[in-house]
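The values are calculated or read from the model by the stated rules, or taken from the named source; none is laboratory data. This structure is a prediction, so every number in the text was calculated from the model and none was measured. Here the Cβ positions follow ideal geometry from the backbone for every residue, glycine too, while neighbour counts run over all protein chains shown. Protein only, heavy atoms only, side chains kept; ligands, DNA and RNA dropped before computing areas. Shrake-Rupley method; radii C 1.70, N 1.55, O 1.52, S 1.80 Å.
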Amino acid sequence: MSNPSRATPSLLDQVLCTALAVGLVLVALLPGARATSAIGWLPMWLVAMPALAWWSLHGFALPARVGVQAAATAVA
């Protein structure tokens, strides 16, 4: 059986993860990266957009809640 969470990350996955990490560092360390520019509010483009793209690449997966998962296995 293959576990999709342990699969080798794709190139797109690596690029989006790197873009998110770089954006977080820029916003955290550079005051100019927290401002508004000609393309709009920079933290949205440097952090939020790569994070949403990375999340959508993984199918908008949400973390499982422990209580709900334990109850589901107890019923089954």
Among the residues listed as A72, A35, A61, A51, the single one being in contact with a helix residue (DSSP H, G or I) (Cβ under 8 Å, 6 or more places away or on another chain), at pLDDT below 85 and open to solvent by less than 80 Å² (accessible area, probe 1.4 Å): A61
Failed condition for P43, given (1) in a helix (DSSP H, G or I); (2) surrounded by fewer than 14 Cβ atoms within 10 Å (Cβ to Cβ); (3) at pLDDT 85 or above, with all others met? (2)
